[in-house]
1. Just grab the label-to-label distance for Tyr51 and Arg128, each label 7 Å out from Cα along the Cβ direction, in nm (one decimal).
2. Please go through the residue pairs Lys64/Lys165; Lys36/Lys131; Lys3/Lys36; Lys141/Lys168; Lys131/Lys179 and name each one whose alpha carbons sit more than 27 Å apart in this structure.
3. What are the ³J(HN,Hα) couplings of segment 126-140, residue after residue, when phi is run through the Karplus curve with 6.51, -1.76, 1.60 and θ = phi - 60°? Round to Hz, x for glycine and proline.
4. Fully extended, how many nm does the chain gain between Phe40 and Phe157 (0.36 nm per residue separation, minus their Cα-Cα distance)?
5. Find how much the distance from Cys97 to Glu77 grows on full extension, using 0.36 nm per residue of separation minus their present alpha carbon separation; answer in nm with one decimal.
6. Using 1/(1 + (r/R0)^6) with R0 = 22 angstrom and r between the beta carbons of Ser167 and Cys142, what's the FRET efficiency to the nearest 0.05?
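Derivation of every value follows stated rules applied to the coordinates shown; laboratory data play no part. Note that this is a predicted model, so its numbers are computed, not measured. Positions of Cβ are backbone-derived with ideal geometry, glycine not excepted, and every protein chain shown enters the neighbour counts.
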Amino acid sequence: MAKIDPKLFSAHKHALEGPDDPCPECGAPLVYHHRKNGSFIGCSRYPECSYSRPLHDDSAKIEKPLPGTVCPECGRELVLRSGRYGLFVGCSGFPECNHIEPLNAQQAEEDIPCPSCHEGKIVRRQSRYGKTFYACNCYPKCKFAVNYQPVVGMCQFCGFELLVKRSKGGHERLYCASKKCGKIQPEPEDDSGKSS
């Protein structure tokens with residue numbers, strides 16, 4: 001028969017007792033509270049003391065300042081933050097200013113203006129699952145995004161000011177980037193009069 005490690009019991013007992021820090025309002029020990037809406041940390045003197053805090057702090061923590069980088073919305077310094085989906089760049093003036101941008105934001109191959117807000121540029125981004133997409137760098141003010149590589153051009157059917165390059169059956173074609181249209185663009189004709 002396997003021996004039982006006594007450390008397991010002490011670790012379990014420690015987990016049940018609560019955090020080591022005392023209540024910041026009255027100094028009493030903190031304990032875990034379990035309610036139907038979820039668990040949280042609270043004062044052991046409840047209801048006399050009503051201090052509570054969440055089990056996990058999901059707010060973004062500042063990792064380090066980024067000297068020389070300025071927020072395009074308010075002009076304050078940008079900082080590197082860590083949140084629930086990883087590292088990102090955000091304004092040091094949060095919560096007054098909500099400007100954020102991904103850590104690996106890169107300009108697309110061309111300097112493509114956003115066809116939705118006409119203020120930002122289209123940049124390459126990566127989702128939390130590692131998938132590449134292209135979106136306006138004025139997010140969250142502008143939520144325009146496409147899943148395929150953007151190309152400067154105008155749709156010949158609806159006049160939308162952006163096209164995307166998609167590959168189907170080993171052949172690349174240009175499509176309208178508008179979700180309302182999305183039509184395949186006619187291929188340009190070469191000098192001989194034949195379509196390429």
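1. 3.1
2. On the way: Lys64/Lys165 38 Å; Lys36/Lys131 36 Å; Lys3/Lys36 37 Å; Lys141/Lys168 33 Å; Lys131/Lys179 19 Å.
Lys64/Lys165; Lys36/Lys131; Lys3/Lys36; Lys141/Lys168, as the Cα separations exceed 27 Å there.
3. With coefficients 6.51, -1.76 and 1.60, one gets 10, 6, 5, 9, x, 8, 7, 9, 10, 8, 5, 7, 8, 4, x Hz.
4. On the way: separation 117, 0.36 × 117 = 42.12 nm, distance 5.60 nm.
Stretched out fully, the Phe40 to Phe157 stretch lengthens by 36.5 nm.
5. Working: separation 20, 0.36 × 20 = 7.20 nm, distance 1.12 nm.
Full-extension gain reported as 6.1 nm.
6. Numbers: r = 27 Å, r/R0 = 1.23.
The value I calculate is 0.20.
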